[in-house]
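Student: Pasting in a structure now, in structure tokens, and then I'll have a few things to ask.
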Amino acid sequence: MIRFEKISDLRKALSGARNVGKKIGVVPTMGALHEGHLSLVRIAKEHSDIVVMTIFVNPTQFAPHEDFAAYPRDTVRDARLAEQAGVDLLFLPAVEEMYPDGFSTFVTVEGLTRVLEGSTRPTHFRGVTTIVSKLLHITAPEVAVFGQKDAQQAAVIRRMVRDLNMNVDILIGPIIREPDGLAMSSRNAYLSPEERRQSTVLSRSLRLAEDLVGRNERSSSVIIKEMKTLISAQGLANIDYVSVADYTTLQEIPALEQGRTVLISLAVRFGRTRLIDNCLMTLPAN
Ligand code: AMP
């Protein structure tokens, strides 16, 4: 594995690979790697010859009151895990490399970014789409891999790539979970032992939703109410939202319908740690 900190050096290495016909795959991350990130590397390896992982804690996707400064950073451990997972090129740019003095251009996806995460984090997705655009321009990959863990992010990136005619296939990897069901996240490290214990309620609430649908419940408000009741029974949980939405538009829907894919998603705070989780459901059309 070769490490790069400069855009120009990474570009040189990639153009060499491209000239000998290698297909490039990129996995953008903010580091503090876990099995979720590494699963995306394996997907990238299946679909490309050279896998680039980027590790960049992107300041523009954090609001001033969010955890940019505190976000976990461990480059030595990350580099070891990335290499073991088969990353070929690791890109670790400094903030000044990505946002030099005078930086003033942003990419914004309208609509989809206003709801769910966007309703409480109004500048978040603009930061995400700007950095992902930059990373896609720098690496010019055939494929880029993201996780279903950030379902709205995946939808927003897909829309950006389509709207701006970016020449890249976006692949979405499934959510990787801890044995007790908690979706893996770099932010899980912030949880106290008691918060960590209670946090399993997130995945349990999604399973409850699946059970309810399995028992023919179709009303979004009933599903949301049952999920909220289960989550609120954990004393340390503070619900930001629980949503049943159309997966394409991300607009809330009153009821599940046959043939339509719905995104059931939630954001819950435990102390200062905000966790998200989701599942997709499609009722078969008869
Ligand atoms: P992050 O470092 O949190 O920005 O995440 C980098 C990429 O890894 C994003 O595409 C995430 O959706 C994805 N990811 C994070 N956690 C998981 C997980 N538990 N399972 C699958 N993908 C994940």
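Bear in mind these aren't lab numbers, they're just calculated from the coordinates by the rules spelled out. All of these numbers come straight from a predicted model, not from anything done at the bench. As a convention, Cβ positions derive from the backbone with ideal geometry for all residues, glycine included, and neighbour counts pool all protein chains shown.
Student: Could you work out [θ]222 nm for the chain from helices alone, using -39500 (n - 2.57) per DSSP H run of at least four and dividing by all its residues? Round to the nearest 500 deg cm²/dmol.
Tutor: -11000 deg cm²/dmol
Student: Something else now. For region 107-262, report the translational diffusion coefficient in µm²/s to the nearest whole number, using Stokes-Einstein at 25 °C, 0.890 mPa s, and a Kirkwood Rh over Cα pairs. Mind showing how you got there, number by number?
Tutor: On the way: Rh = 17.4 Å.
Reported coefficient: 141 µm²/s.
Student: Relative contact order of region 170-230: what whole-number percent is it, with Cα pairs under 8 angstrom and at least 6 residues apart?
Tutor: Working: 29 pairs, mean separation 15.9, N = 61.
Reported relative contact order: 26 percent.
Student: Further, regarding this structure: Going by how many other Cβ atoms sit within 10 Å of their own, how do H137, H47 line up, fewest first?
Tutor: Numbers: H137 11, H47 16.
Exposure proxy ranking, most exposed first: H137, H47.
Student: At q = 0.08, 0.09 Å⁻¹, work out log10 I(q)/I(0) for the chain with the Debye formula, treating every Cα as an identical point scatterer and leaving solvent out; two decimals please.
Tutor: -0.35, -0.45
Student: Treating the beta-carbon of each Lys and Arg as +1 and of each Asp and Glu as -1, no other charges, what is the dipole magnitude of the chain about its Cα centre, to the nearest 20 debye?
Tutor: Values: 34 positive and 33 negative charges, 22 e Å.
I would put it at about 100 debye.
Student: I'd like to know which of A233, S8, T60 lies farthest towards the positive end of the charge dipole of the chain, counting +1 on Cβ of Lys and Arg and -1 on Cβ of Asp and Glu.
Tutor: About the Cα centre, the residue reaching furthest to the positive side is S8.
Student: What is the local net charge at V87, summed over the other residues whose Cβ is closer than 11 Å to its Cβ (Lys, Arg +1; Asp, Glu -1)? Can you show the working numbers first?
Tutor: Details: positive: R3, R42, K45, R80; negative: D78, E83, D88.
That sum, taken over residues with Cβ under 11 Å, equals +1.
Student: Also: Once the other residues with Cβ under 15 Å from the Cβ of E96 are scored (Lys, Arg +1; Asp, Glu -1), what is the net sum?
Tutor: Values: positive: K6, K134; negative: E5, E97, D101.
Net local charge, E96 excluded: -1.
Student: Taking neighbour counts of Cβ atoms within 10 Å as a proxy for exposure, in what order, fewest first, do E226, E210 appear?
Tutor: Details: E226 17, E210 13.
Least to most surrounded, the residues fall as E210, E226.
Student: For an R0 of 30 angstrom, estimate the FRET efficiency from the Cβ-Cβ distance between T248 and D67 and round to the nearest 0.05.
Tutor: On the way: r = 31 Å, r/R0 = 1.02.
Computed FRET efficiency for T248 and D67: 0.45.
Student: With the crude spin-label approximation of a point 7 Å out along Cα→Cβ, what separation in nm comes out for S232 versus F106?
Tutor: Result: 3.5 nm between the two label points.
Student: Rank V20, V244, V107 by mean-square fluctuation in a GNM of the chain with C-alpha springs under 10 angstrom and give only the top-ranked residue.
Tutor: Of the options given, V20 has the highest mean-square fluctuation.
Student: Considering only DSSP states other than H, G, I, E and B, which chymotrypsin sites (Phe, Trp or Tyr not before Pro) in region 57-104 qualify as loop sites with at most 16 other Cβ atoms within 10 Å? Please list the in-between numbers first.
Tutor: Values: sites: F62, F68, F91, F103; in loops: F62, F68, F103.
Passing both the DSSP loop test and the Cβ count: F68, F103.
Student: Give the relative contact order (percent, whole number) for region 240-282; include only Cα pairs under 8 Å separated by 6+ residues. Don't skip to the answer; put the middle values down first.
Tutor: On the way: 75 pairs, mean separation 16.3, N = 43.
Relative contact order, region 240-282: 38 percent.
Student: Tell me the net charge near T130. Cut-off is 15 Å between Cβ atoms, T130 excluded, with +1 for each Lys or Arg and -1 for each Asp or Glu. Spell out each step's value before the answer.
Tutor: Details: positive: R121, R126, K134, R159; negative: E97, E110, D163.
Its environment carries a net charge of +1.
Student: Assuming R0 = 35 Å, what is the FRET efficiency of S219 and E35, from their Cβ-Cβ distance, to the nearest 0.05?
Tutor: FRET efficiency, S219 to E35: 0.50.
Student: Right, next: If you rank E195, E252 by fewest surrounding Cβ atoms within 10 Å, what's the result?
Tutor: Ordered by Cβ neighbours within 10 Å, fewest first: E252, E195.
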